Every structure is written in structure tokens, then in C-alpha cells.
Amino acid sequence: MTPLNVNHLEDGLASSSAADRKAWAQDIIQNDIHLPDLFPLLEKKYTVRSRFIWLLSDIGEADPLRLRKALPALYTLSQKIQYTPLDEAFARYWLLAGVPLEQEGLAIDRMFQLLQGYTVNVSIKFNAHRVLENMIAKYPELRDEWLLALEDQLGKHTENFDKVIQKTLSKYRKNNP
């Protein structure tokens, strides 16, 4: 079996399946591969970059702490390469792994931007909504701004997203008038 490294992943990611990525995520975890060592994959061709972003989600699902430890370095890199899918992926990463303490202010600002963005797809908005919901547990003073941002999204997306928003609004208004 070929040892898992950047070159092996670069060769396989472009044509990888979800099952391949889940298996690689397990290999990365079991072999204690340092995630920043794999970040050069984010500077490769589009199909490699996009599937590596998905692989990071698979790692976060299996080992949230491993992903959380890598998020500060990943964010620094994301600012250098300015790749929108990676920027938007932080909504998923912070949902899966939690927000590192040093990124809390950044995460709050960015999640509000994504939640209210006109061109952001609904799955990213959903993740941003959930990250903000987690953050208001720690910072309750954000609750009113978050609820207003949610109200503003009503009727702009899918019926299912509206149901999620309505349920959240009802829950937080009922428990916190």
C-alpha cells in the first residue's frame, strides 16, 4: 500500500469518491498526519483543491479536535490564496470542530456575513446559522442581532430553510422574550 502523503493525495483526489475520502480521513487520523503538511493541496488544480476541502470535512466529522487545531493555520493560508470555496468551508469546519478561541471574533463576523450574503448558497447559510447559534451560548449579547439576521432571510431561500429559521425564531423568542 502506498503511504499516504501529499503526492498520493494529489494523484487521487481529483477522481476520488466520498468513500475514498472517508478512508483517507481515517488513514490521516490513524497515522497522525499533521494537517498543515497537507495544505499545499489547496494550491493545486481546482478538482484537487475542492476535494481536499471535502476531505477536511471528513476529517472533522471523524476527529473534530484534529481539525480544530489546524483551523488557525488553515485560515491564515485561506487569506493568502483567496479561494472562495475554502473561505465558505469555514462555516462547515467551525460547525464540525468548534471555533478555536483565537478565531471567535473572526468567526462571528464571518458567519454573519455568510448568513446575510446574497450569493451564498443555503447549505452554507445553514452552517453559518448553526455556528452562530453555538456562539450565542457563549456570547448571549449576540442573540438579538442573530435573530434579526435570521428574520431577514425568511422567504429568500428554500421552504426547508424557512422552516429551520421559523423553528429557531420560535425557540429563542419563547425561551428568551
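Throughout, read-outs are computed from the coordinates displayed, never taken from laboratory work. Being a predicted model, the structure only gives us computed values, none of them experimental. Quick reminder, even Gly has a Cβ in these numbers, built from the backbone with ideal geometry, and neighbours come from all protein chains shown.
Find out how many positive minus negative residues lie around residue 15, taking Lys and Arg as positive, Asp and Glu as negative, among other residues whose Cβ is under 15 Å from that of residue 15. Numbers along the way, then the final one.
Working: positive: 21, 44, 45, 49, 51; negative: 10, 11, 20.
Residues close to residue 15 contribute a combined charge of +2.
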Would you check the chain for Lys pairs whose C-alpha atoms are within less than 26 Å, ignoring same-chain pairs closer than 8 in sequence, and give me the count?
-> 27
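Starting from the Cα coordinates of the chain, work out the convex hull volume and express it per residue in Å³. Could the numbers behind the result be given before it?
Working: hull volume 21.6 nm³, N = 177.
Roughly 122 Å³ of hull volume per residue.
What is the sum of charges around residue 112, taking Lys and Arg as +1, Asp and Glu as -1, for the other residues whose C-beta is under 12 Å from the C-beta of residue 112? Before the final figure, lay out each step's value.
Working: positive: 110, 125; negative: 109, 145, 152.
Here the charged neighbours net out to -1.
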Ranked list, fewest to most other Cβ atoms within 10 Å of each Cβ, for 6, 48, 131 = 6, 48, 131
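On a full-extension model of 0.36 nm per residue, what is the gain between residue 80 and residue 158, subtracting their alpha-carbon distance, rounded to one decimal in nm?
Numbers: separation 78, 0.36 × 78 = 28.08 nm, distance 3.34 nm.
Additional length available on full extension: 24.7 nm.
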Helix 159-175 versus the longest principal axis of the chain: what angle, 0 to 90°, nearest 10, using Cα atoms?
-> 60 degrees
If you count, for each residue, the other Cβ atoms within 10 Å and average over each peptide, how do 138-148, 84-94, 64-74 line up from highest to lowest?
-> 84-94, 64-74, 138-148
With a Cα-only, solvent-free Debye model of the stretch 99-177, what are the log10 I(q)/I(0) values at q = 0.11, 0.26 Å⁻¹?
-> -0.26, -1.36
Counting other C-beta atoms within 10 Å, which of 16, 123, 50 has the fewest, and how do the rest follow?
-> 123, 50, 16
Two pseudo-spin positions, 7 Å from Cα along C-beta at residue 119 and at residue 73, lie apart in nanometres by 3.1 nm
